[in-house]
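Here is the structure we will look at.
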Amino acid sequence: MFQKEGSSTIGGKKDAPLRKSDRRRLRDRVLDVLFIGEKKRECENINAENADNGDTDAEWITRAEKLIDDAIIAPKGGDVLSRKLKLVGGENATLFLRTASSSGPVVVDSSSSVDNNATTNANHTTLSYDDVLKSYPTTWPYRQSTQPILLEYEDSADRKLVHLIPLLPLLAVLPPPTSSPPLGKSDDDSGSNNSNNNTDNKRKYRIPNIVIHAEVSKYTCRGADLMKSGIRSFPSPWKLRHSKGFVTVSVIGNPQPCAIGMVEQGLFREYCYSKNGNRGGSSGNSSSRNAVDLVGPGKKGVGVTIVNCYGDDLWKCGISSKVTAASFGNGSAVLEKGAVGNPLGGGVYDDGNFGNVGFVDGARVHPILNFNGESEDEDESGSDEDGEDIDKNDVGEGNEEATADNMAQLNLSDPNREAQSDQNDVAKEDEDSEPDHDDILTNAFYASLLYLLSSKTSLPMPVSTYYAKHLLAAVPTTGPRLDMKQTSYKKIGPFLKEMQSDGVIKLGASKDGKDRFAFLVEIVKNNPDLIRFKREWKKEIAASGGDASTAGVATVTQKTKLAVVDLFIVPRHISDGLELDRDAVMAANAKTDERKGTGFLTKTECRALIETYIEKENLVDPKGKGRVLVNGPICDALYRVSKKNKQPDQKTAEYPTSVKRKELIEKWIGRMDKGHALVQMPGSKILNLGRGGPKPVDIEVEFRQGNRRKFLTRLRGMEEYGVEGEALCRDVAHRFACSGSVETDPVGRPALRKGRVELVFQGHLSEELAALLTGDEASTGHGGAKGSGYSLPKSVINVVLRKGVPARKKR
């Protein structure tokens, strides 16, 4: 959502501090979103006897609540700011930011957070879960940077629905969420073998977490949504319903969340609600679908839409100057400038990586932990059923269950050795990074249909031509190319048949009837799938700043064409005589910036001037339908002959008092000064504005001197439309196999403007040159005109045949 640079400030106004009452309300909402408040109310019902027995659940709730209080209510310094934003789809959003805490330097005493029986060596520090829990801060730990902590935004499907989610800087200061069970195992299965069920009970009300491999993290950090095939654990349906589809994402071996997002709506409905309307996920309910049937290796499509991830623009706006990380496990260490350390991540919160040494430069996330005391030095590796090279320590069944449920011991690894090991690992590419050719084909298909509709290409069209010239051209050049053999259809024919059955297109048979799907006959414009794709297509292009290539969406490089549009200019004496609105006369409200304030009006704008004047002066003739009264100013402007143009013997004319509205408007348009605009299509970009008509491109054919059987063709004026003379001369000579020359001062010919040239070619090439310059290869039978890169308007081509030169026979 915030991958584009500057997206965290687009549409944003000046950050405004929140009032104390608004902070309290926001604090209560945050507790409900994190389900801490709900759990706290549940814990309050526990009697004093259970509390005396050492209920760590209640202790964790208390510590977390203190942190939320300090982060949002900020009783010890700092402030909470709100920033109004506009998201890509036009949704309104509010970003809440917490300023740096004003507390002084902090001494981190590792002895207070590490158990006395913990073993420490050069590479690992073994911490129990309770030790890590007690080591997390209860005050806001960011001392040098303002961090985004919450995002409130409108749902894209229902603007009345508002979501409030915690962002990564806030999630980083809370204990990591319990990972969901491995695919194929339910919460009940993973909990049945756990002797310490209280561990799972501690945080079951948190936003559920899913895990991915470290290799997948580099794609999410680049801004990609998490695909179904990259998910290695998935929460139960009841957890997803409680969180309303929001999940955190972490890497195997690094439980700190590196992203937060929402489960794709279709997957959420299919997984959490069965087709008969019953809710799935409860014990003994066979109607719910197993997660392994919907996500995991081999599954296609988006699984989680990422809202905030490590490496996006929200992360960049919270980076401060780097702070040297203090080493944990070496007694007491005073962190520079009062920076606070992350007890799990091994870094400091102000280091730009949320205090986690596995977070590397906003580009990817490395594992930093082993479970059950296993050493990282073991280089044994295994391969799962999909052929992915994964460390056994990450995918072993016992270890994943430990990740999800036990977390009895956490071993901090040496970050330098871990990063170096990962850099030296030259494993083959993970299956999740392989392109989905079915998706590429589908996107290119819809994009090519939109191009055919916008360019008004005539149908029917042979399927082979459509595939070669349009569908393949719609595949983005910046991404992987389409390989039909890698799709599930293998050939284009079965795919088009399926699209016809879906009602997107209509196909036709060949003349002999042997091939029933030989032609693309019709595109169904009102098809819901095509309309939906068009909306998403426009959103992605808008998000990329109008450049479809950087958006990574399927698009077709359309050939640009030039067109001449007639414009009109109101003469000064007419505008003054009728006292017309000056802004309207000068086109101050024109749709294009190039025309604003120039006085060049379209025919519609010019007509609106006289229509407005008629209504203003109440000149509608009540006696005649469709007639207008002619008052003095209109008579002077449109009917009175000036003294300069009056003939000596001309009698005094009688002027009309009432005329038809249509006749008056035609007279009005005829009195305007003429102008023109050179427009680039598509996009209607104005390249040039000028008075009078457009400059012509002259093509003149004459006999060669002394030989009335051979011809010379002269060409001039192409520079007015951006065509360089010498380059065109070489191109024409190559295409039509003729000699050509460039003349700067032709003898016996009209003089050329400075910097202009005249081209002279051997032969009668009027038809070929006109076809080449306009890009209309169908107007000539010469193959040299095909693939023209020129697009001059046909109206500017002026062909002149000198005396005696015959016209070319039409072929």
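The values are calculated or read from the model by the stated rules, or taken from the named source; none is laboratory data. Owing to the predicted nature of the structure, the values given are computational and were not obtained by experimental measurement. Reconstructed Cβ throughout: ideal geometry from the backbone, glycine too, with neighbour counts over all protein chains shown. Protein only, heavy atoms only, side chains kept; ligands, DNA and RNA dropped before computing areas. Shrake-Rupley method; radii C 1.70, N 1.55, O 1.52, S 1.80 Å.
Here is how the numbers come out for the structure above:
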| quantity | calculated |
| --- | --- |
| Inter-site label distance for R532 and S458 at 7 Å from Cα along Cβ, in nm | 3.5 |
| Placed amide H near F359: partners under 5 Å, 5+ positions off or other chain | H366 |
| Protection proxy ranking of 621-633, 237-249 - average other beta-carbon atoms within 10 Å, highest first | 237-249, 621-633 |
| Linear extension gain, K491 paired with D158, 0.36 nm per residue minus alpha-carbon span | 116.0 nm |
| Under 5 Å, built H, 5+ apart or other chain: amide partners of T146 | A100 |
| Peptides 661-670, 728-737, 256-265 ordered by average Cβ neighbours within 10 Å, highest first | 256-265, 728-737, 661-670 |
| Apportionment of accessible area to carbon and sulfur, the stretch 583-640, percent (1.4 Å) | 50 |
| Förster-model FRET efficiency, 56 Å R0, E666 and R704, C-beta, rounded to 0.05 | 0.70 |
| Exposure of K300 as accessible area (Å², to 10), given a probe of 1.4 Å and all protein chains | 120 |
| Inter-site label distance for E724 and V292 at 7 Å from Cα along Cβ, in nm | 6.5 |
| Amide N of the stretch 444-469 lying under 11 Å from the label point, which is placed 7 angstrom from the Cα of L687 along Cα→Cβ | none |
| q = 0.14, 0.18, 0.23 Å⁻¹: log10 I(q)/I(0) that the Debye formula gives for the stretch 477-524, counting C-alpha atoms only | -0.44, -0.66, -0.87 |
| Label-to-label distance, nm, for residues given as L81 and K525 (7 Å Cα→Cβ offset) | 4.9 |
| Set K591/K674; K456/K539; K525/K662; K469/K561; K525/K596; K20/K86 screened for pairs whose C-alpha atoms are more than 28 Å apart | K525/K662; K525/K596 |
| Dimensions in Å of the stretch 739-778 - Rg and Dmax from alpha carbons | 12.4, 35 |
| I306 accessible area, assembled protein chains, probe 1.4 Å, Å² | 10 |
| Efficiency of FRET from Cβ geometry, K506 and R19, R₀ 45 Å, rounded to 0.05 | 0.15 |
| At 1.567 mPa s and 4 °C, Stokes D of the stretch 754-800 from Kirkwood alpha-carbon radius, µm² per second | 113 |
| Viscosity 1.306 mPa s, 10 °C: Kirkwood-radius Stokes-Einstein D of the stretch 678-718 over Cα pairs, µm²/s | 120 |
| At 1.002 mPa s and 20 °C, Stokes diffusion of the stretch 724-807 via Kirkwood alpha-carbon radius, µm² per second | 155 |
